Structures are given as structure tokens and as C-alpha cells.
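The values are calculated or read from the model by the stated rules, or taken from the named source; none is laboratory data. None of these values were measured; they are calculated from a predicted model. Please note: Cβ atoms are built from the backbone with ideal geometry, for glycine as well, and neighbour counts cover all protein chains shown.
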Amino acid sequence: MNTNDVATHWESNAETWTIYSRAGYDKYRDALNTPAFLDMLPPIAGLTGLDLGCGEGTNTRAVAQLGARMTGVDIAPTFIRYARQTEAQDPLGIDYVVGDGQSLDFPEGNFDFVTAFMSLMDMADQQKVLGSLHRILKPGGFLQFSILHPCFVPPTRRNIRDESGAAVAVQVADYFDETDGRIERWLFSEIPAEERAALTPFSVPRFHRTLTSWVSMIVGAGFIIEAFGEPMASPEVALAEPVVADTRVAPIFLHIRARKP
């Protein structure tokens, strides 16, 4: 699967994804993943940043609200249209552009940092993307990104639940199956059943890589890894949003920060 194929799939997802994520149905993002990602960020006030795979801009805006001057890039024009509409209504100084992570059209050393929220795992040539990000970062700049945890969310994963329905273990398989664009179809689980029945599921290309492959690609692109994060819902968050309680059994997300020397 090539970049054009990936773009087609994400453009087909963008309208429904935007409507329902903005309506609060992306519980893993809002209750756990994004707050943990932001907590892991170094101070960025006054810095210039790029958000790669920005989607409809919710996370880009969260980073901008920490004081950074942001540019958002996404491969799906519909996501960029929604992001620009929000920026026009409530300006934060964010510039949004349609672009491909494999060939970013920015000068060398243009950014102090790059964020990528749950996007690198869906890109066809991750090694090429990492090289492109290394090029556009200033010396000393950093990349921080989140992905599905390669160890605990490989191509085959199933929660094992007790009699009450609570997750107590995770079954994983196919960890070494480095898929190139296997399509996964799903919707946010918290969307009401009557609405789900009328929706077309998301069509998400999956490019699973082992943890060894991720580390090798990051180091091979010239980065130095400086931090890992594996978000776990607190007891309070798990009680308030039960859908994320399974992250107390095993992590679903992996956060990585790497720096350009």
C-alpha cells in the first residue's frame, strides 16, 4: 500500500471521525492518551512546532495552548478543512496544510519540535517519515509521538474479562507480523448502537512494527531516544470512563520522545 492509498482511506474516514471525536466519543484520546502525552512534553512556550497527522486539529490546539507556534499537517483535506474552520472561529495562530509525512515541504531545521499523535503507525514508510522529520528539526530539537503499543496491541489482540465484564488479562498474537496496510474497520465504541448501525466503519490502514523495528528506525534516522511513556488510567479515570479501564491491565499506547543531536 502506498501513500496515495493511505490518503484515500483517511479522507473517507475524516467526516465521521471529526463529527464523533468532537462530540466526545473518542474516550481513549480525551480521557487518557492526550493528557498523558501533554504531561510528557518538555516546556514548549515560545517554540515553533509541527503537528504531523494533525487530523481535525484538536490536539494541535492543545499544544498551541501551551504557548507554542504551531503548524498542522495532515494527508486528508477534509481534516484540514475542519481544522481551518476552527482556527478561523477561535484563532490560536495555527497554520494548517495538506501534506505527506514522507516528503514534508519545509526548510531544513525549520522547527524546534514535532508532535505526532497516533499518526506515525498509519504511515506507509515510517523510516522515510522519520528521516523527513529529522531534516526539518533544528539541532537539539525533539520529536514526540504516540502509537499503539507494539507489544500489547499487535495485529491480534483480545481483552480477557471476568464474570462482571472487567478486563483482567490481554491475549496477544501475531506480534512479529509486520503488516503493510492491513485494513482495520471499527468505530468509536461509545457511539450509541442506533447511530453506529447507520455509520460506515472507519477504514484504517495498519502498518504494525515490532518494538525492535521502531527503535531501529528512530536511531537509524539519527535520533537519540530520551523518554518512553505507557499511559495507564488512574482508578478515578477508570471509574469515570470505564472504557479505558483495560489500560490498568496492560498499556494500549506507547509514547516516545527522541531528540536530534
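Here LEU137 does not qualify as hydrophobic (A, V, I, L, M, F, W, C), under 17 Å from the mean Cα position of the chain (by Cα) and crowded, with 21+ Cβ neighbours inside 10 Å.
Only one entry of ARG84, ARG22, ARG61, ARG69 meets the criterion of being more than 29 Å from ASP125 (Cβ to Cβ), among the basic types (Lys, Arg) and free of Cβ contacts under 8 Å to residues at least 40 places away in the same chain, and that entry is ARG22. Which one is farthest from HIS208 (Cα to Cα), of the residues in segment 1-24 that are in contact with a helix residue (DSSP H, G or I) (Cβ under 9 Å, 6 or more places away or on another chain) and part of a loop (DSSP other than H, G, I, E, B)? Filtering segment 1-24 for residues that are in contact with a helix residue (DSSP H, G or I) (Cβ under 9 Å, 6 or more places away or on another chain) and part of a loop (DSSP other than H, G, I, E, B), the one farthest from HIS208 (Cα to Cα) comes out as GLY24.
Residues of segment 25-53 being of a type outside the set (A, V, I, L, M, F, W, C) and not in a helix (DSSP H, G or I), which ones? Of everything in segment 25-53, those that are of a type outside the set (A, V, I, L, M, F, W, C) and not in a helix (DSSP H, G or I) turn out to be TYR25, ASP26, PRO42, PRO43, GLY46, THR48, GLY49, ASP51, GLY53.
Listed here are the residues, each with its yes/no results for (1) buried (at least 18 other Cβ atoms within 10 Å of the Cβ); (2) outside any loop (DSSP other than H, G, I, E, B); (3) touching a residue at least 40 places away in the same chain (Cβ under 8 Å).
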site	(1), (2), (3)
SER189	no, no, yes
VAL215	no, yes, no
GLU226	no, yes, yes
ALA250	yes, no, yes
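Of the strands (runs of 3 or more DSSP E) lying entirely inside segment 70-170, those containing at least 2 residues that are closer than 17 Å to ALA258 by Cα and among the aliphatic types (A, V, I, L, M) are 111-117, 137-148. Contact annotation: residue pairs with Cβ atoms under 6 Å, 6 or more positions apart or on different chains, pairing a residue in segment 37-52 that is over 14 Å from LEU137 (Cβ atoms) and at pLDDT 95 or above with a partner that is surrounded by 19 or more Cβ atoms within 10 Å (Cβ to Cβ) and not aliphatic (A, V, I, L, M), are PHE37/SER146; PHE37/HIS255; MET40/HIS255. Of the residues making up segment 191-213, those that are in contact (Cβ under 8 Å) with a residue 24 or more places away in the chain, under 17 Å from HIS9 (Cβ atoms) and over 17 Å from the mean Cα position of the chain (by Cα) are LEU199, THR200.
So that you can scan it fast, the table gives a plain yes or no per residue for (1) modelled with pLDDT of 95 or more; (2) of a type in the set (A, V, I, L, M):
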position: THR179; (1), (2): no, no
position: ARG182; (1), (2): no, no
position: ILE191; (1), (2): yes, yes
position: SER203; (1), (2): yes, no
position: LEU211; (1), (2): yes, yes
position: SER234; (1), (2): yes, no
position: PHE253; (1), (2): yes, no
position: ALA258; (1), (2): yes, yes
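Only residues that are within 17 Å of SER119 (Cα to Cα) and of a type outside the set (D, E, K, R) were counted in segment 199-227, giving 13.
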